[in-house]
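Here is the structure we will look at.
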Amino acid sequence: MIQLNNVSKWYGSFQVLTDCTTEVKKGEVVVVCGPSGSGKSTLIKTVNGLEPIQQGSITIDGVSVTDRKTNLSKLRSRVGMVFQHFELFPHLSIVQNLTLAQIKVLGRGRDEATAKGLKLLDRVGLRAHADKFPGQLSGGQQQRVAIARALSMDPIAMLFDEPTSALDPEMINEVLDVMVELAQEGMTMMCVTHEMGFAKKVAHRVIFMDRGLIVEDDRKDAFFENPKSDRAKDFLAKILH
Ligand SMILES: Nc1ncnc2c1ncn2[C@@H]1O[C@H](COP(=O)(O)OP(=O)(O)O)[C@@H](O)[C@H]1O
Ligand SMILES: [Mg+2]
């Protein structure tokens, strides 16, 4: 579903990604981890063309992200993205946040979009909050709305960039629970996260990055039981203890 071939990227003279090659198959859940500054966010943003690359190629569902002729906004409308900060529209109600792109981008009618939005709110346990504004919800609730909003577009894959790292500890699980459910339903997911419990529970593979390189890209069990590189061993020792 997602294919990265020899992706390299520079910010000026600083090389942020070096020859990154990996793939995410349909229905696969891949967790990306690694130290701060290793290029995880940059990598995930290149996947839907939010960050251009200078070398290599990326395709999603057979469509080239890096080809200039590709309609990137159309492609992005099919790939859900959830960031660390919820980025809901503060002046719109929760249900309006969920219907806006369905109506404007997918051309759905208001009734259809509202029905879909409410169904998804139900699914993330927030049906009762439909008419509130984002500022009236907790961080964990807002992040669940952000996930529901992404799902409202019927994405072919979901990208997450540390969706729980800005949340208070007691709210992390309510967001992870929604992500676990999605994974178990077979959604194709690429998730930057340091929540190793999540990785152990639902990831098929784990990618470990350091200084712009994909240092490990392995099946989950192999990664946790027997990381190959010292850098991954050090990282796991720090994060698991
Ligand atoms: N817009 C930018 N311009 C210049 N350098 C950047 C920019 N964004 C990120 N970087 C640098 O690229 C490196 C990787 O950043 P990032 O992908 O955010 O890492 P991570 O998500 O793993 O913490 C860091 O050294 C960061 O300072
Ligand atoms: Mg990051």
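The values are calculated or read from the model by the stated rules, or taken from the named source; none is laboratory data. Remember, it's a predicted structure, so these values are computed and weren't measured experimentally. Positions of Cβ are generated from backbone atoms using ideal geometry, with glycine treated the same way; all protein chains shown enter the neighbour counts.
For the stretch 19-49, name all the residues that are assigned to a strand (DSSP E or B) and either buried (at least 17 other Cβ atoms within 10 Å of the Cβ) or in contact with a helix residue (DSSP H, G or I) (Cβ under 9 Å, 6 or more places away or on another chain) (or both).
If the condition is that a residue be assigned to a strand (DSSP E or B) and either buried (at least 17 other Cβ atoms within 10 Å of the Cβ) or in contact with a helix residue (DSSP H, G or I) (Cβ under 9 Å, 6 or more places away or on another chain) (or both), then Cys20, Thr22, Val24, Val29, Val30, Val31, Val32, Cys33 are the ones that fit.
Return the pairs, sorted by first residue and then second, in which the second residue is in a helix (DSSP H, G or I), the first residue lies in the stretch 22-47 and is away from ligand 1 (no atom under 15 Å from the Cβ), the beta carbons are less than 7 Å apart, and the residues are 6+ apart or on different chains.
Between residues of the stretch 22-47 that are away from ligand 1 (no atom under 15 Å from the Cβ) and residues that are in a helix (DSSP H, G or I), the close pairs are Val29/Ala183; Val29/Val202.
Spot the failing condition for Ala128; the list is (1) out of contact with any helix residue (DSSP H, G or I) (no Cβ under 7 Å at 6 or more places or on another chain); (2) modelled with pLDDT of 95 or more; (3) within 24 Å of Lys45 (Cα to Cα); (4) aliphatic (A, V, I, L, M), and only one is missed.
(3)
Is the stretch 88-105 home to any residue that is touching a His at 6+ places or on another chain (Cβ under 7 Å) and either free of Cβ contacts under 8 Å to residues at least 40 places away in the same chain or more than 16 Å from ligand 2 (Cβ to nearest atom) (or both)?
Yes, some residue in the stretch 88-105 is touching a His at 6+ places or on another chain (Cβ under 7 Å) and either free of Cβ contacts under 8 Å to residues at least 40 places away in the same chain or more than 16 Å from ligand 2 (Cβ to nearest atom) (or both).
Checking the conditions here, which among Asp154, Asp230, Asp210 is among the acidic types (Asp, Glu) and either under 18 Å from Phe86 (Cβ atoms) or within 15 Å of ligand 1 (Cβ to nearest atom) (or both)?
Answer to the selection: Asp210.
Would you point out which residue out of Thr46, Thr59 is in the same structural domain as Leu4 (by the TED database), within 17 Å of the chain's Cα centre (by Cα), within 16 Å of ligand 2 (Cβ to nearest atom) and farther than 16 Å from Thr193 by Cα?
Thr46
Tell me which of these Phe208 doesn't satisfy, since it passes every other one: (1) surrounded by fewer than 17 Cβ atoms within 10 Å (Cβ to Cβ); (2) within 20 Å of the chain's Cα centre (by Cα); (3) closer than 22 Å to Asp19 by Cβ.
(1)
If a residue has to be in contact with a Gly (Cβ under 7 Å, 6 or more places away or on another chain) and within 16 Å of ligand 1 (Cβ to nearest atom) to count, how many in the stretch 179-190 make the cut?
Within the stretch 179-190, residues that are in contact with a Gly (Cβ under 7 Å, 6 or more places away or on another chain) and within 16 Å of ligand 1 (Cβ to nearest atom) number 0.
Which one of the conditions (1) more than 13 Å from the chain's Cα centre (by Cα); (2) closer than 17 Å to Gly27 by Cα; (3) within 16 Å of ligand 2 (Cβ to nearest atom); (4) of a type outside the set (Val, Ile, Thr) does Leu159 fail to meet, given that it meets all the rest?
(1)
Which residues, counting only those in the stretch 211-223, are surrounded by fewer than 17 Cβ atoms within 10 Å (Cβ to Cβ) and either touching a residue at least 24 places away in the same chain (Cβ under 8 Å) or not assigned by the TED database to the domain that holds Val178 (or both)?
Once the filter is applied, which keeps residues that are surrounded by fewer than 17 Cβ atoms within 10 Å (Cβ to Cβ) and either touching a residue at least 24 places away in the same chain (Cβ under 8 Å) or not assigned by the TED database to the domain that holds Val178 (or both), the stretch 211-223 yields only Arg211.
Taking the stretch 50-81 on its own, how many of its residues are away from ligand 1 (no atom under 15 Å from the Cβ), buried (at least 21 other Cβ atoms within 10 Å of the Cβ) and part of a loop (DSSP other than H, G, I, E, B)?
The total comes to 1.
Determine if the stretch 159-178 includes at least one residue that is of a type in the set (A, V, I, L, M), within 16 Å of ligand 1 (Cβ to nearest atom) and either surrounded by fewer than 21 Cβ atoms within 10 Å (Cβ to Cβ) or in contact (Cβ under 8 Å) with a residue 60 or more places away in the chain (or both).
The answer is yes; a qualifying residue exists.
Given the criteria outside any helix (DSSP H, G or I), modelled with pLDDT of 95 or more and over 18 Å from the mean Cα position of the chain (by Cα), does Leu92 qualify?
It is true that Leu92 is outside any helix (DSSP H, G or I), modelled with pLDDT of 95 or more and over 18 Å from the mean Cα position of the chain (by Cα).
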